[in-house]
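Remarks on the structure that follows.
The values are calculated or read from the model by the stated rules, or taken from the named source; none is laboratory data. Quick caveat: nothing in here was measured; it's all calculated off a predicted structure. With ideal geometry, Cβ positions are generated from the backbone for all residues, glycine too; neighbour counts draw on all protein chains shown. Ligands, DNA and RNA are stripped out before the accessible areas are found, and what is left, the full protein with its side chains, is counted by its heavy atoms. Shrake-Rupley method; radii C 1.70, N 1.55, O 1.52, S 1.80 Å.
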Amino acid sequence: LLGRIRHVFDLSARPDLIAAQLRKDARLQPLLDAKPGLRVPGAYDGFELAVRAILGQQVTVRAATTLACRFVETFGAPVATPFPQLTRLSPTPEQVAQARAEDIAALGIVGARARSILALAQACRCGALRLEAGAHPAALIQQLVQLPGIGAWTAHYIAMRALRWPDAFPKEDIALRHALGGVTPAQAEALSQAWRPWRSYAVLHLWRGLPTKEPKE
């Protein structure tokens, strides 16, 4: 439990070491000054984070939250708590894997994403995917992009938050490339080499520095 909480709040980060590396790029210096010690939010449960990442593809945060609530209400187990708004647990891979793609799509989720969530649940249920800190990020990203509906952006985002990988870099992200001057994914990848092994933190700084806080795939 304590380990999961540490991952959620990124308590093992060393902001001093991270900032020292990122400050070598003049573009990041104002962002570092504005948000010193910025950490990368983790995830209490990797499967839940991955499902939310899929639900958030190409939609606003508000729309993704609405879909996530419907998803939890349909597939999550009821739980008694002292908090009136907290009535269900997040669905497990076992619970979701028993559903049909049509059942998921009936919640207003695009059919392709419904099939993606179902494939993700089935892979997690059988142990083919380990969405937790300590898993090998490069290998897991390769596994994720082989699932229907999961591209490189989503895979890197999952690796960043569920695996606590400090060097994730979704180079395809339009908002990120805009913040770097309208560069191509290949150019963004080249620019990011100077930030390694802390590219996840650079991404968070660049996202936070944009007028919108809703990066899209």
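Things to note:
- One residue stands out in region 92-116 among those that are open to solvent by 60 Å² or more (accessible area, probe 1.4 Å) and under 20 Å from the mean Cα position of the chain (by Cα): the one that is farthest from ILE158 (Cα to Cα), namely VAL110.
- The one condition from (1) within 20 Å of the chain's Cα centre (by Cα); (2) part of a loop (DSSP other than H, G, I, E, B) that GLN85 does not meet is (1).
- Note on region 43-82: among residues that are among the hydrophobic types (A, V, I, L, M, F, W, C) and not in a helix (DSSP H, G or I), the one that is nearest to MET160 (Cα to Cα) is ALA43.
- Identity of the residue in region 1-31, closer than 16 Å to PRO166 by Cβ and among the polar types (S, T, N, Q), that ends up surrounded by the fewest Cβ atoms within 10 Å (Cβ to Cβ): SER12
- The criterion of at least 3 residues that are in contact (Cβ under 8 Å) with a residue 24 or more places away in the chain and out of contact with any Gly (no Cβ under 9 Å at 6 or more places or on another chain) is met, among helices (runs of 4 or more DSSP H) falling completely within region 93-136, by 93-97, 111-125.
- Restricting region 56-76 to residues that are open to solvent by 30 Å² or more (accessible area, probe 1.4 Å) and in contact with a strand residue (DSSP E or B) (Cβ under 8 Å, 6 or more places away or on another chain) leaves a set whose member that is farthest from THR154 (Cα to Cα) is GLU73.
- Counting only helices (runs of 4 or more DSSP H) that sit wholly inside region 144-217, those with at least 3 residues that are at pLDDT 95 or above and closer than 25 Å to PRO30 by Cβ are 152-161, 185-192, 199-208.
- Being of a type in the set (Lys, Arg), open to solvent by 50 Å² or more (accessible area, probe 1.4 Å), out of contact with any His (no Cβ under 6 Å at 6 or more places or on another chain) and over 20 Å from ASP45 (Cα atoms) is not true of ARG88.
- Of all residues making up region 117-134, the number that are more than 15 Å from the chain's Cα centre (by Cα), surrounded by 14 or more Cβ atoms within 10 Å (Cβ to Cβ) and under 23 Å from MET160 (Cβ atoms): 5
- Scan of region 32-42 for residues that are in a loop (DSSP other than H, G, I, E, B), farther than 16 Å from TRP165 by Cβ and in contact (Cβ under 8 Å) with a residue 60 or more places away in the chain, ordered by number: LYS35, LEU38
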